[in-house]
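Right, one structure below, let's go through it.
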Amino acid sequence: AGGAKIVKKGTLTVCTHLPYKPFQYNEGGKVVGFDVDMMDLVAKKLDLKQSIFDTPFEGIESGQSLNTGKCDVAAAGMTITDDRKKVLDFSSPYFDATQAMLVAKGSPLKGLDDLAGKTVGVQLGTTGADYVRANAPKTATVKEYEDLALLTAAVKSGQLDAGVNDNGVLYDYVKSNPDTQVATEFDTGEQYGFAVAKGQNDALLKDIDDAIAESKKDGDYDAIYKKYFGE
Ligand code: GLN
């Protein structure tokens, strides 16, 4: 393909933040997930081998990781936002998401309005953190967590009354943690995109867009979806 810039020869270096199951997570000593399989399609197209670089989400979404050449692309269940578009170039959207609220099974809390005087957890640097700060009652205490696993564990253990994160990851979590439930979804209408350094790698961006489009035509996208989300 046409002139994609690559930081390390022979390798598609992919920045992500682990764990964000089912988009990227460790299983049997390997990083797997929806985004990982999508990036394998891009790597294959460019005759490269994917190498995953785990780094804090704040560095990814602020553009720092990509714009300092730590990786070629970010694949991190990352929502395309206007703020992020100022510092990153995004692929076409590849996944729809919305914020959702995780609570303990049987909790009476149904939505953000019920969080007055309660403690709600969010993940650092995320659209969920922004949403809660903008919309939760003033008397709610907002606690920030470095990653999804810490956030969900704090809801499960009762340290938090609720946790807000993307619907896909929370529905996946409750499948294996039946002592928790998704109380509600918020209509934030988000779309995930893969990102490259701002204004520096149009060729790679085009390869990514082509890989997404091809995967939707040839059945690879549906197969990957089924693999990580079931029917
Ligand atoms: N989609 C959310 C965001 O972009 C969360 C992403 C993540 O935590 N990996 O902020």
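The values are calculated or read from the model by the stated rules, or taken from the named source; none is laboratory data. A quick note: this is a predicted structure, and the numbers were derived from the prediction, not measured. Here Cβ is always computed from backbone atoms with ideal geometry, including for glycine, and neighbour counts include all displayed protein chains.
Computed quantities for the displayed model
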quantity: Residue under evaluation D114, criteria (1) within 16 Å of the ligand (Cβ to nearest atom); (2) surrounded by fewer than 22 Cβ atoms within 10 Å (Cβ to Cβ); (3) outside any strand (DSSP E or B), criterion not met; calculated: (1)
quantity: Yes/no for Q191 being within 23 Å of G33 (Cα to Cα) and within 16 Å of the ligand (Cβ to nearest atom); calculated: yes
quantity: Condition met for L204 (in the same structural domain as L41 (by TED's automatic domain parsing) and touching a helix residue (DSSP H, G or I) at 6+ places or on another chain (Cβ under 9 Å)); calculated: yes
quantity: Verdict on A75 being within 12 Å of the ligand (Cβ to nearest atom) and in contact (Cβ under 8 Å) with a residue 24 or more places away in the chain; calculated: yes
quantity: Qualifying residue in the stretch 21-35 (condition: over 22 Å from Y145 (Cβ atoms) and either buried (at least 20 other Cβ atoms within 10 Å of the Cβ) or in contact with a Pro (Cβ under 8 Å, 6 or more places away or on another chain) (or both)); calculated: no
quantity: Unmet criterion (only one of (1) without any contact (Cβ under 8 Å) to a residue 40 or more places away in the chain; (2) away from the ligand (no atom under 15 Å from the Cβ)) for Y25; calculated: (2)
quantity: Matching entry among D89, D82 (being at pLDDT 95 or above and within 15 Å of the ligand (Cβ to nearest atom)); calculated: D82
quantity: Test: residue in the stretch 159-166 that is under 20 Å from the mean Cα position of the chain (by Cα), more than 16 Å from the ligand (Cβ to nearest atom) and not assigned by TED's automatic domain parsing to the domain that holds T55; calculated: yes
quantity: Selection count, the stretch 167-188, where residues are out of contact with any helix residue (DSSP H, G or I) (no Cβ under 7 Å at 6 or more places or on another chain), within 16 Å of the ligand (Cβ to nearest atom) and not small (G, A, S); calculated: 5
